[in-house]
Structure formats: C-alpha cells, structure tokens
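I have placed the structure first, in the form of structure tokens, so that the comments after it can refer back to it.
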Amino acid sequence: MAEQNAGTGDRPLIQVVGLTKVYRVGVETIHALRGLDLTIGRNEMVAIMGSSGSGKSTLMNMLGCLDRPTSGAYMLNGRDVSRMGAKELAQVRNEEIGFVFQSFELLPRQTALENVELPLIYAKGGWRGRRQRALAALDRVGLSKRVDHRPNQLSGGQRQRVAIARAILNTPSILLADEPTGNLDSATTAEILSLFRQIHSEGQTVIIVTHEDEVAAHCQRVVRLRDGRVLSDLPIGQDIAGRHLPSVHSAHAGAERAGA
Amino acid sequence: MLNPLFWLQAITLAFSQIWANKSRAFLTALGIIVGVASTTSVIAALTGLKAKVLSEFESVGASKFFVFPDRPDNAPRNMYPWEKILLKTAEAKAIRDECTLVKALTPITEVGLDVESGGKRIEGITVSGIWPDWHLVQNRFVQEGRPFTEIDVDSERQVCLINADAITELDLPANPVGEALLLGGRRFMIVGIVETTQARFFGMNTSSAEIFIPFSVAEKMQERNFFMRIEGMFASPETAQEGEDEVRFVLRRMRGLTPGEPQTFQVAAIDRFIEQFKALAAGITAIAGGIVGISLLVGGIGIMNIMLVSVSERTREIGLRKAVGATPMAILMQFLLEAVTLCLVGGFIGIAFGRLAAFGLTRIPGAQLDQADIPFWAVALSFAFSALTGIVFGMFPAIKASRLDPIEALRHE
Ligand SMILES: Nc1ncnc2c1ncn2[C@@H]1O[C@H](COP(=O)(O)OP(=O)(O)OP(=O)(O)O)[C@@H](O)[C@H]1O
Ligand SMILES: [Mg+2]
C-alpha cells in the first residue's frame, strides 16, 4: 500500500482508455461498451447515469475488476488491471475495491459482523484484529448495535449499511455502488446517500451508478453514458443546468425506450 | 497463502452446511457410512477370531508338531495298505533318538476300554497310551501323586494317571492316588492326578474324564494294526521348519522311501497352521478392503452429486466471495473441504456403527468373538479412505465452483 501511494502522486486513480466489451449470445453480438474513455481522480465522488442498457453496470464491473474488457486498457493506481490473471484480480478486488450491490448480497446465515468480516478471510494477514476492524466499520455506518443480527432481522437500509461496511472495511481505493438505493424507499435512500457522502468526506473515492437525479445530486460530477460511450462528463452544477435543455438526454432516452 | 481465518471459516462453514442440510447430508453420506461400518465390523470380527485362534494355538504351543499316517493323494489303495502306512513305535523311537531339534515327543494311541472302580462300571472310556514326555509336550503336569517315568514304560507297569473329571465320574475318593482301577479287566494303580487344562482346541474339549496308561501297556492291549499319532515339540518355534525337515528325513529313511516316492505320512507344525491362518485372515481383510473400496466409490458418486447441487445452489454466494477477493484456489479449497468434511463425518458415523457391531459380536454367546475389536489401523485407514473419497469426488465440483465467473455467478437466480 505504502509503495503504491509513493509513486502515484499525480497519476489519476482510474484511467480507462478505449474500453470495449462485446457479449456473444448465440449468433448475436452485443456491444455493451464501444470504446469508452474515462479518468477519475482520487477522492472524487462521481455519479454514472444513463438509460437502461447504456452499459453502466458493464463499466462498473470492469472498474471493480469483476470482469475483463474485450479490448482497451484500464489503469488502476498506475497498474494495468486489464492484463491481470484471475488470482491477481482477486487480490486487487480484495485490497483496492469495495463493491456495493443493488441487492445487498449478504450471506443469509451469517451475522452482520461475520458478513462485514468476509473480505478479511481472503486478505493477507486478515486475521489480526479482525473483530475490531469489522466493529469499527459497522460503527462507521451506524450499526454498532446490530452486529449479531442476521440479514433477515435487518431492514433494507440496514442491510445496505452492512454491505457498505463490508465494502469499506479494507479501506479500498475505490468504493463502487451499482444502484445502491434501487431497492430502497426515498427516506432510506437519503440516509444511505448521506452515508456515502460522509464516507467520501473522510477521503474515500466513490462511484455510484444511478437512475435518480436526487442521488446524482449528492455527487460532484456526473458521467452520462449512451450506447457504451461517454455522452457527457460534467460537474454536477453544469449537468443539472444542461438537463433542462431539450437536447441530448431526453431525446436519447425517448429513442432508447422506443427501441426496447 | 490462505490465512488461518480462511481455514477457520471454511471448516465452520463446512460443518454448518452439513448441519443446515442434515437429512440430505446423511442420505448422501449413507454409502460411506454403510461401507465403513460393514468393513470395520468385518475387520473387528476377524480381529476377534484371529486373537481367539492364535491364543488357542499359543496354548497348544507354537513349537508343537504332529505326525500322522497319510495315504498319498491319488495313490491306489492296494499299493498303500493301512498296515503299511500306520506309524510304528520304532519310528517314534527313531525320531526321538535321531532328531536333534526335537525336544520332546510322545506317541499317543487310544483304546476304548471298560472301566470299573469299586462298584461303578463305565463302558467304553477312551484310555490313552503315552510316554512320560507327554507331560512336556502337552504342558500338563500332575497336581497329586507323580508323573509317568521311563520305568513305567520300560517295565510295562500297570499304572495310570487320571484327571479330576474322571474322579467325579468314577465316584473315586477325593485323593485317589494309590487306589486301583480295572481297565479292560486288568488292574491298574492310580499314581497321579493330571492337571485339567481349559484349553479348547477348535471346540475339542479335553477337559472331560481322561485316563492315561504307559504306551507300552496300551500297545499290548491294542489290536495288531493300531492307529497312533505322534505329538512332539521342537526346541523353539524358530527351528520348526528345520525340525520338520529332520523328522521327515528320518521317517522317509525308516520307511525306505526313495527320493521320488510320495510320502506316506504327514508332519505338521503348529507354526505352519499359524502362518496359514494369518494368510487366510489377511486374505479376508483384503476382500473387506475391496468392499470398502467399492462402497466408497458408490458413496463418492453421491458426494459428487450433492456437491454439484451445493455449488449450483450457492452460485451467488460464490460470486460474492469472488467479488470481495476470494481467489479461485480459496473457492476450490472451501468446497473441497466441505466434501472432505462430509465424507469424514460419514466415516465417523460408519466407525461408530462398526464399533457398535463389534460390541454386538462380543456378546454373541458361543461365537467366541469376545476379543472382536476394530484395530487402530482400521480406524485410521477408514478415515484416510473417507478423506480420499472426499478429495477425489469433491474435486470436480470444487473446480467447477472455482472457475465460475464472478459476474455471472452474481447474476445467477
Ligand atoms: N452477460 C451478458 N450477456 C449478454 N449481454 C449482456 C450481458 N451483460 C450485459 N449485456 C448487455 O450489455 C448491454 C449493457 O448492459 P448493462 O447491464 O451494462 O446496462 P445498464 O446500463 O447497467 O442497464 P440498467 O440501467 O438496466 O442496469 C445491454 O444491452 C445488455 O443487454
Ligand atoms: Mg445496470
């Protein structure tokens, strides 16, 4: 960790160049990403938006090292992740990535604490002080009173907090969240978002995929995708201003809907 | 590479997985349970039998040997009439005098005689004619009176030895030494009471009424061509093989058998029986091992099946574990460990049942298996084979799990 921080002072945290992803389903080929370029710096809070099927999840999976691009390069912390093997990728996911899913993905038979500890099972030297680390993470998300509860004894918002605690446990380089509030009501959404903001304010880089403007409003920067490419990449203020122009976004959204 | 926390949770997970699907796990492990239980109980029975038989051999004496007449296989009856084959007293003497490895030896011949004592008369009691060395060979000495001596035989004294059972059967006084018995109408003096041994050799009970007279006297009371056998002991069990050769050599010479001619007698050392029995027991053990092999194979297929089910049920979990940094090796190990744990639990239950069966065997009256027990090596081997089954048959599902694509796994319903 120390060695990575030393040499990467002015290098961007995430640098994606010409990223493509092609899926083959039977005879059909689906171009989920078509040469996407994106650069994200340290301690940014970015929203990724775009209509359904525009490639948001595909991009997030690439950024989270869960999937490998068909072509293009992805430099994370100055390392070319797109060339790594399964074992190295697992280590990167363990040390550098925190992933929050729309459906929480907690292990149903394990307690909140055990769920949070999960990444430590696969970490180097993860057994030392694991309880304290997991408790600290649960404390950060405001769940220090629910450590022994199982997922089915928690509300949706609490489950997502557990998932967030698990994601930030290893103090990753990036916290990725793919529609983290998609399964939550608006009050809970607001709570979860303020939690993300708090974590961001503590120095964490956060990338959130969302369909909702209220969610994006919590971020500093909005990247809009369309057909596997970046459509716009603006600071939040300009993005909101631009959205009222009858140009790109709504027209595109209409087209997508017609096509579906 | 994988940290202690991983192993801790993998083992906990394996057990909790089995616990959560108790009945399914039990049915899956049934093949292994039955295989291990049946094999260990067979081995237990065999161990008991072996202990019993060997201790019986031991009580008879490992350095003991027998000589008895034997018509060669497929030989025409007229070429080897019984009178030619029967052992002769001279032959017994020759073996005693010439075989250096023979420590003691006695011919034994049995005569059925009517016995009278006081007013009591019993018909057809078996009376054995023996030499004084009989005491050594049979390891039976007198508890009252005196043993037989060379003089008894040489001067054909009308003396006899009896055992305790004979005292009660013949209504003799408590210490009958010095009393007289009528054996076949001839008067014999009781000179000693021989010990009654509890040795039962393959159910042959030697503890009922017994009467012994000097061999030279018995010889006279027999018909012309009478049957006798020779019992003897070698200096030590180690020289049994050589000793047998020596006896054979002397007897062949006595009988004038040329090198090509078949033998008209048998020399058998207890030592040889022990070897043969051990070989037999080893053979049965090997067959039992084969049975466990087959049943573990069948059980293993069940294990593989259930592990494939488990992998597909837990695809999302695998995806999540990969997303938080589980390497393919970690996933592989987790599922392999689960398969091995399942098999070991099956093996454990199997051994428990085997032990129960072994205990049952010791309680069967008359089965003489009171020493039936599962030896440590069989327990260790059962566990080893169970673990091996888990590894072999858990490998394919584990590899399958380890190769799952994290994204596809997370998308699995
Ligand atoms: N495993 C796959 N196999 C085939 N096609 C896929 C696969 N995953 C995604 N796609 C396709 O790739 C395109 C991009 O999908 P992606 O999930 O990235 O969209 P998204 O922007 O996340 O949409 P949503 O907002 O609905 O989640 C879609 O057309 C989708 O059908
Ligand atoms: Mg999506």
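Numbers below:
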{"read-out": "Stretch gain in nm, segment residue B:68-residue B:405, where the contour uses 0.36 nm per residue and the Cα spacing is subtracted", "value": "113.4 nm"}
{"read-out": "Computed [θ] at 222 nm, helices only, for chain B once each DSSP H run of length n ≥ 4 contributes -39500 (n - 2.57)", "value": "-18500 deg cm²/dmol"}
{"read-out": "Pairwise label distance in nanometres, residue B:266 with residue B:79, each label 7 Å out on the Cα-Cβ vector", "value": "2.0 nm"}
{"read-out": "Dipole magnitude of region B:259-328, debye to nearest 20 (Cβ charges: Lys/Arg +1, Asp/Glu -1, about Cα centre)", "value": "600 debye"}
{"read-out": "Using alpha-carbon coordinates, inclination of helix B:270-313 to the longest axis of chain B, degrees", "value": "10 degrees"}
{"read-out": "Farthest positive-ward along region B:71-263 dipole, Cα basis, beta-carbon charges - from B:87, B:260, B:153", "value": "B:260"}
{"read-out": "C-alpha long axis of helix B:22-60 to longest principal axis of chain B, angle in °", "value": "20 degrees"}
{"read-out": "Nitroxide proxy distance, nm - points 7 Å out along Cα→Cβ at residue A:25 and residue B:245", "value": "8.6 nm"}
{"read-out": "Straight-distance crosslink candidates among lysines, where the alpha carbon sits under 30 Å from residue B:93 and sequence neighbours closer than 8 are dropped", "value": "B:64, B:84, B:103, B:220"}
{"read-out": "Choice from A:91, A:238, A:158 with maximal GNM fluctuation in chain A (Cα, 10 Å cutoff)", "value": "A:238"}
{"read-out": "Long pairs among A:124/B:322; A:145/B:322; B:22/B:322, criterion Cα-Cα beyond 21 Å", "value": "A:145/B:322; B:22/B:322"}
{"read-out": "Using a Förster distance of 60 Å, the FRET efficiency for residue B:277-residue A:43 (Cβ separation, nearest 0.05)", "value": "0.15"}
{"read-out": "Ranking of A:65, B:160 by count of other Cβ atoms within 10 Å, fewest first", "value": "B:160, A:65"}
{"read-out": "Label point at residue B:156 placed 7 Å out along Cα→Cβ; residues across region B:61-96 whose backbone nitrogen lies under 16 Å", "value": "B:89-90"}
{"read-out": "Gain on full stretching of the segment that runs from residue B:179 to residue B:301 - 0.36 nm per residue minus C-alpha separation", "value": "36.2 nm"}
{"read-out": "FRET efficiency estimate (nearest 0.05) - Cβ-Cβ, residue A:152 to residue B:294, R0 41 angstrom", "value": "0.40"}
{"read-out": "Residue-averaged beta-carbon neighbours from other chains (10 angstrom radius) around B:2-14", "value": "4"}
{"read-out": "Region B:209-216 - phi-based ³J(HN,Hα) in whole Hz, Karplus 6.51/-1.76/1.60, Gly and Pro as x", "value": "4, 9, 9, 10, 10, x, 4, 4"}
{"read-out": "Value of [θ]222 nm, deg cm²/dmol, for chain A, DSSP H segments ≥ 4, -39500 (n - 2.57) each, nearest 500", "value": "-11000 deg cm²/dmol"}
{"read-out": "Listed residues A:237, A:53, A:98, most fluctuating in chain A (Gaussian network, C-alpha, under 10 Å)", "value": "A:237"}
{"read-out": "Chain B - percent relative contact order, Cα under 8 Å, separation 6 or more", "value": "29 percent"}
{"read-out": "Tail fraction, Cα-Cα pairs, the protein assembly as shown, threshold 51 Å, whole percent", "value": "47 percent"}
{"read-out": "Chain B: most fluctuating residue of B:301, B:364, B:230 per GNM, C-alpha cutoff 10 Å", "value": "B:364"}
{"read-out": "Magnitude of the charge dipole, region A:1-109, Cβ model with Lys/Arg +1 and Asp/Glu -1, debye to 20", "value": "280 debye"}
{"read-out": "Span-rule helices in chain A, defined as complete DSSP H runs reaching 20 Å or more along the axis (Cα) with Kyte mean at least -0.5", "value": "A:186-201"}
{"read-out": "Simple label model, 7 Å out from Cα along Cβ direction - residue A:83 to residue A:17, nm", "value": "1.2 nm"}
{"read-out": "With Cα atoms, 0 to 90° folded angle of helix B:328-362 axis to chain B main axis", "value": "30 degrees"}
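Read the figures in this text as sums done on the coordinates, not as results from a lab. As the structure is a computational prediction, the values presented were derived from the model and not from experiment. Here the Cβ is made from the backbone with ideal geometry for all residues, glycine too, and neighbour counts use every protein chain on show.
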